[in-house]
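Read through the structure below, which is laid out as structure tokens, and then see the notes.
Every number here is computed from the coordinates shown, using simple stated rules; none is lab data. Predicted, not measured: the structure shown is a model, and the values here were computed from it. Cβ sites come from the backbone with ideal geometry, for glycine too, and all protein chains shown count toward neighbours.
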Amino acid sequence: MTRRILVAGVGNIFLGDDGFGVEVARRLGAQRFAPGVDIADFGIRGVHLAYQLLEGYDTLILIDAASRGEAPGTIFVLEPDFERPETLPRTQSGFLLDAHGMDPEMVLGILKDLGGKVGRVVIVGCEPADISEGMGLSQAAARAVDEACGVVRSLIDEELARPAGEARTAGGKEEGS
């Protein structure tokens, strides 16, 4: 049984570094991956992402910009446990990745309401330097794109190496780089 992995770049390209996830998805989309790995730019279309997840994925890797008080361009990996909301990581503003109104909690809530589910959710984030109106990434975010692509590729390889049928429980883990 082949694992199904969805890599979803999210963000608003008209708000500077908020387009980080979209750029990473674009770059990854030009690369080759094993069967069962889908790469897509969802922009700010959370409902579209929820419907895509109904196709049945073992793992969702979300790529986004999120302000967590780190140096601009810092890449981090979060594995939130959405079954235990008190464990969800929060930014300084108190929200989890909500710069564009499409936070993972909302998408997974829609998915659950539609009768679907996803096994593992991993967020690959980047600390933005500038999310004001305007197109194009800041130098810090642009430099972080290649690093994020490498992190996502490693996460994909890790998922594909696990035996088919092996369940992984979300543990609210967080890693920074």
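Quickly rank 61-71, 32-42, 16-26 as a protection proxy: mean count of other C-beta atoms within 10 Å, highest first.
Working: 61-71: 20.9, 32-42: 16.3, 16-26: 25.7.
Sorting 61-71, 32-42, 16-26 by mean packing, highest first, produces 16-26, 61-71, 32-42.
Per 0.36 nm of contour for each residue apart, how much would the distance between Ala71 and Met106 grow if the chain were fully extended, relative to their Cα-Cα spacing?
Working: separation 35, 0.36 × 35 = 12.60 nm, distance 2.72 nm.
Stretched out fully, the Ala71 to Met106 stretch lengthens by 9.9 nm.
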*Quick one: if you stick a label point 7 Å off each Cα along the C-beta vector at Arg26 and Ala142, how many nm between them?*
1.2
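Return Met135, Met106 ranked ascending by Cβ neighbour count within 10 Å, so the fewest neighbours appear first.
Values: Met135 10, Met106 16.
Neighbour counts put them in this order, fewest first: Met135, Met106.
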